[in-house]
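Comments concern the structure below.
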Amino acid sequence: MSAVHIDVLDGIAVVTVDNPPVNALGHAVRSGIADAVAQTDKDASVQAVVLIAAGRTFMAGADISEFGKPMADPGLPDVVLQIEAAQKPWVAAIHGTALGGGLEVALGCHYRIVDARAKLGVPEVHLGLIPGAGGTVRLPRVVPVAKAAEMVATGRPIGAAEALQVGLADRKSDGDLRADAIAFATEIAGKPLPEALVKRAPVDAPDDAAWHEIAGSLVSKARGQNSVIRAVDAVGEAVRLDGVAALAVERQVFTDLMADPQSAALRHIFFAERSVSKINSLKGVVPRKLDHVGVIGGGTMGAGIAVALLLSGLQVTMIERDEDALATGQGRVADTLMASVKRGLISPDKREVLLQGFIGSTNYDALEDVDLVIEAVFEDMGVKKQVFAALESATRADAILATNTSYLDVNEIAASVSDPSRVLGLHFFSPAHVMKLLEIVRPDQVADDVLATGFVLGKMLGKIAVPAGVCDGFIGNRILSAYRRECDYMVEDGATPQEVDTAMKAYGFPMGIFAMQDMAGLDIGWAARKRRAPTRDPKERYVAIADRLCELGRFGQKTGDGWYHYPEGARRGEPDPLVSEIIADEAAKNGIKQRDFSAEEIMDRILGAMVSEGQAILDEGIAASAAAIDVVMINGYGFPRWRGGPMFAAQAGQKNG
Ligand code: 3HC
Ligand code: NAI
C-alpha cells in the first residue's frame, strides 16, 4: 500500500495518508500529497478533496528522523503551497494529533474539520525549531495573533473545541469524521475558493504596546531556549510583513535553528525518551493482569500515586495505619482530584466515577484481590519489611509487590519475602500524578513478567519509564546526592547558597539546589544522613552545615526557615545572616580559608560531579545507557531539556553560559 492513496466517489476525492505509526511527513507522504494535488486538479469529475489520515492520528509532523539529512524534493513548504494553490477546495479532516508540519499541511487546506478529541499544535520549539512550513505565517492569519504567538512559542496543542472557537477549525465532528468531512466537502464544492491564507492580512493587529506585552511574557518563560525567542520573533515578523516575505524569513530561521546545538540536544532527548523503555530481554514476555492496585500509605507519595492510578482507569485500594491517617490520605486524593476538576482536566462527574473506584481500609485483608501493590510508607527498612510481611500474607501469590523507596536496598526488601521474584521498585517523583518520570528498579531475582508489567503500568500512567539497577538512590537520587555533596563543599569553601542557586538558574534549571531542598524539606535528607552515619568513611569529607540547620528546626519552607528565610509563608526565600554565620563557623572549624567562586566554576563543578557519578552508574550497569541518565535528570531533576542532559552536554563539549 502506498503512503498516500486517492478514492473518488460522487465528485469527492478522499486523499488518505497512510504512513504508520504517526503519518509523519516523510518523502513518500510529501510526494504522494503533491501528486494528489496534480491528479485531483486534472480530474474533471472531482469537485472537492478531503485530506484524511489512516490509523491513530492525522499527520504528527515532519519526519524527525530525516532531520540533519538533505531534504529530498518536494519540500514540505512547497507541498503546502501546492495545496493552497489547488483549483479544487481541500478539506483537512483531523483526528488524533495534527502537529507541526501536520497542522501546517492542514493550514494549506481551504477548510478544516476536526474530530471532537483531536489536538492541534505546533510543537517545533520542543525540538529547538520553529514551524518551517508556514506555521508562523498562516496561524496568525487564521487565529488571533496573541493565540498564534502563544501556540508557536509554547508548543502547547489546543483541543477541538478551542480550535473551533479561535477559528482554526471550521467544523467539529462528534461522530464519523470521514462521513462528516465528505458531507462538508460536498457542501462547499460549488462555492468559490476562499482566499489563500498566505495572501490574507493577519486576523488582528496588536499595537506596539500590546505586542510588546504578549512577546515579553512568552520570552520571559524561555529560560535560555533559543527556539522560544526565535519563535516569538518569527510571529512578530509574520504579522509585520506580507505573507510571502514572511515565509522566506520563517524558512531562514528554521534553517538556522536546525544547525543550533540546542536543537540537536532536544532531538536527542526526543528519541531517548521513546527508546529508554524498550527492553530487548522483555520482548515477547507476557505481562501480568493489571486492573486493581493496592497503595500502602496515604502520605505525599501514596496519595499522588493513587491519583495517578485512578486517572488511568485502575481500581485502587489504599491501606493506612489507622482511621485518622486513612481519612487524611483519602482526603488528599479527593482534594487532588478536585483540583483537577478546577483546572478543567476532568469533569465533576468523572471525579465521582473515579472516587467510586477508590477504597480505603486499615486492614490488609482488603488486598486479597489486588494485582499489584505499591508501598509508599516511611523510608525505614524495618517499617518496609513489616509491611512486606503483611503484604505477603494478605495478597494472592501472583500479585506483584512494589516499593516506592527513594534510597533503600530493594534486594534486601525482596529477600524479606518468600518469593522475591514478585518484588520490584517503582520509584515515582513528587507530585506523582504530575511528574512524567518513573524509575523501574530491577532487583536481582525479579521475574521477567513482573518487570514487563511495571513497564505496562508506566505506559498506562503516561510516564517515561526508565529501568534502573539496585544501588543507593538508583539513577536520579544517586546523581542528586553526588552533586549536592559538591555544592555543600563549595558552600563551605566560600560560595554562598544563593550564588550556587543563581548559577544553576542561569544554566537553565527552574531552581537551584538549595531552594529545591527548602521546598522538599530538609528533614528527609537529615534522616538519611543519620542512617548512613555509622557506615560513613571517616576519611571522606563531610559538610555538617545542613545538619546544623536541621538541629535548629530549620526544615525549609514548611517551617519558614531553611537555607533561606521565608517571611510569613513566602515561597521565595531571602538570604539569612544566621545561615552565613553557620557556614563561616563550620568553615573555620574545619580550617578552611573561604574564597570566591565564579558562576562558571560553580556550574563546571556541578556538571563534573553529575557526569562522573553518571559514568560510575553506567560502568556498574545501573543505567542501560547515557541517554537513560539524561532522560532521568531532565524529567525528574529540572536539568534544562535544551542542553540534552548532563551526559549529552559533556559529550557535546557544551560550555555553560
Ligand atoms: N517523526 C518521526 N517519528 C516520529 C514522529 C515524527 N514527527 N513522531 C513520532 N514518531 C515516532 C516515535 O519516535 C515512535 O517511534 P517508535 O515506535 O519507533 O519508538 C512512534 O512514532 C510513536 O510515537 P510515540 O511513542 O511518541 O507515540 P504517542 O502515541 O505517545 O505520541 C505523538 C504520538 C503525540 C504524535 C508524539 O509522537 C509526538 O509528539 N511526536 C512529535 C510531534 C512533533 O514534534 N511534530 C513536529 C515535528 S517538526 C516539524 O513538523 C517541522 C515542520 O514545521 C517543518
Ligand atoms: P509521608 O510521610 O508523607 O507518608 C508516609 C505514609 O505512610 C504516612 O501517611 C503514614 O501514615 C503511612 N504509613 C507508615 N507506616 C505504615 C504502615 N505500616 N501501613 C500503612 N501506612 C503506613 O512520606 P512520603 O513522602 O509519601 O514518602 C513515602 C515513601 O516514598 C518513602 O519511602 C519515600 O522515600 C518515598 N519517596 C518520597 C518522595 C518525596 O518526594 N516525598 C519521592 C519518591 C519516593
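The values are calculated or read from the model by the stated rules, or taken from the named source; none is laboratory data. All figures in this text were calculated on a predicted structure; none of them were measured in a lab. Virtual Cβ from ideal backbone geometry, glycine too; neighbours counted across all protein chains shown. The area values use the complete protein model at the heavy-atom level, side chains included, leaving out ligands, DNA and RNA. Shrake-Rupley method; radii C 1.70, N 1.55, O 1.52, S 1.80 Å.
Points worth noting:
- Solvent-accessible surface ranking, highest first, for Y364, Y407, Y542 at 1.4 angstrom: Y542, Y364, Y407
- The range 543-579 and the range 583-657 have Cα centres spaced 24 Å apart.
- Dmax and Rg, reported as Rg then Dmax, of the range 440-522 (C-alpha, Å): 17.3, 51
- Loop-resident trypsin sites (Lys or Arg not before Pro) (DSSP state other than H, G, I, E or B) in the range 192-263 with no more than 11 further Cβ atoms inside 10 Å of their Cβ: K221.
- Probe 1.4 Å, all protein chains present, accessible-area order of K42, K289, largest first: K42, K289
- Of the accessible area of the range 1-77, computed with a 1.4 Å probe over protein heavy atoms only, carbon and sulfur atoms account for 55 percent.
- Exposed-site-free run, longest, the chain (rule: GluC sites (Glu not before Pro); DSSP loop; at most 12 other C-beta within 10 Å): 1-194
- Ellipticity estimate at 222 nm from DSSP helix runs (n ≥ 4, -39,500 (n - 2.57)) divided over the chain, nearest 500: -14500 deg cm²/dmol
- By accessible area with a 1.4 Å probe, ligands and nucleic acids excluded, highest first: order of T405, T559, T300: T300, T559, T405
- Surface accessible to a 1.4 Å probe, R332 within the full protein complex, Å²: 100 Å²
- Counting only protein heavy atoms and using a 1.4 Å probe, the accessible area of V253 comes to about 20 Å².
- Pairwise Cα distances in the range 280-468 exceed 28 Å for 17 percent of all pairs.
- Heavy atoms of the protein chains alone define the surface here; on that basis the range 402-452 has 32 Å² accessible area per residue at 1.4 Å probe size.
- Computed from backbone phi with θ = phi - 60° and the Karplus coefficients 6.51, -1.76 and 1.60, the 3J(HN,Hα) list for the range 31-38 is 6, x, 5, 4, 5, 5, 4, 4 Hz; x is used for glycine and proline.
- Volume per residue of the C-alpha convex hull in the chain, rounded to whole Å³: 175 Å³
- Partner lysines for K42 [C-alpha distance under 18 Å; skip if fewer than 8 residues away on the same chain]: K88
- Between the range 252-316 and the range 360-411, the alpha-carbon center distance in angstrom: 23 Å
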